[in-house]
Amino acid sequence: MTAFNRRDLGLLVLRVGTGAVLAAHGTQKLLGWFGGGGIEGTTKAMEAMGFHPGRESAVAAGLGEAGGGLMLALGLATPAAGAAAAGAMAGAVAVHYPAGFFAMGGGYEYPAFLGFTAAAIGVTGAGRLSLDHATHHVLDRPWVVATAFLGTALAAAAVVNRRAEAISAPAPDEPAPAAPAAAGSATEEPEPEHGNARETEN
């Protein structure tokens with residue numbers, strides 16, 4: 001009897017493939033690898049997309065992708081890794097959402113797929129070909145799953161809502177629309193009188 005089965009092997013392939021893609025995107029943001037903008041370029045991009053503060057948002061997104069991806073590939077603290085990666089992808093989905101679903105039109109298909117895959121691995125577990133299994137699932141308990149996904153969901157919702165408020169708010173140098181003048185206000189020019197008092201006497 002082998003120590004692992006096809007399910008474990010399939011989870012290993014899925015974890016390594018998904019984790020590698022996520023980690024590559026994360027290192028683009030953090031380190032500028034693979035043609036990425038690094039932390040400075042990512043900070044500017046985050047601010048342009050409405051995420052404030054930009055630098056902290058760039059670091060959080062990069063760590064969620066790079067750290068979460070690496071931990072998924074290793075099968076270490078898999079629930080936390082899957083939740084972190086899914087949370088980072090939730091922010092990307094919010095950015096691409098106005099363009100619709102399909103990636104060919106700039107939509108959110110790709111980050112949504114990565115996020116759901118990472119979340120599914122986090123909920124399912126890494127299998128026996130993982131560091132979680134080697135460490136007797138110390139970081140893969142049911143309470144870790146619940147805590148990781150609940151915390152990430154709340155944090156992602158707060159970030160996405162704050163971005164939505166930021167992009168809907170008027171620019172600081174944009175003048176506020178003038179209020180319409182009330183009828184009969186003091187600023188109205190008085191109408192000229194038709195005739196003077198002498199004409200009236202006549």
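The values are calculated or read from the model by the stated rules, or taken from the named source; none is laboratory data. Quick caveat: nothing in here was measured; it's all calculated off a predicted structure. Virtual Cβ from ideal backbone geometry, glycine too; neighbours counted across all protein chains shown. Accessible surface areas use protein heavy atoms only, side chains included; no ligands, DNA or RNA. Shrake-Rupley method; radii C 1.70, N 1.55, O 1.52, S 1.80 Å.
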Considering only the other residues whose Cβ falls under 14 Å of the Cβ of residue 54, what net charge follows from Lys and Arg at +1 and Asp and Glu at -1? +2
Select from 37, 11, 25 the residue farthest towards the positive end of the dipole of region 1-49; place +1 on Cβ of Lys and Arg, -1 on Cβ of Asp and Glu, and compute about the Cα centre. 11
Two-site FRET efficiency, residue 116 against residue 3, from Cβ-Cβ distance with R₀ of 45 Å, rounded to 0.05: 0.95
Sort region 104-162 into rounded, prolate or oblate with this rule: let a ≥ b ≥ c be the square roots of the eigenvalues of the Cα gyration tensor; rounded if a/c is under 1.5, and if a/c is not under 1.5, prolate when a/b is larger than b/c, oblate otherwise. oblate
Full-extension gain in nm, residue 24 to residue 40, via 0.36 nm per residue minus C-alpha separation: 4.0 nm
Kindly sort 49, 104 by accessible area of their heavy atoms, largest first, with the probe set to 1.4 Å. 104, 49
Karplus-derived 3J(HN,Hα) from phi for region 148-162 (6.51 cos²θ - 1.76 cosθ + 1.60, θ = phi - 60°), whole Hz, x at Gly and Pro, runs 5, 6, 5, x, 5, 4, 5, 5, 5, 4, 5, 5, 5, 5, 5
Once neighbouring chains are kept in place and the probe is 1.4 Å, which whole percent of the accessible area of region 60-158 is contributed by carbon and sulfur? 78
Between the modelled labels at residue 47 and residue 161 (7 Å from Cα along Cα→Cβ) the distance in nm is 2.6
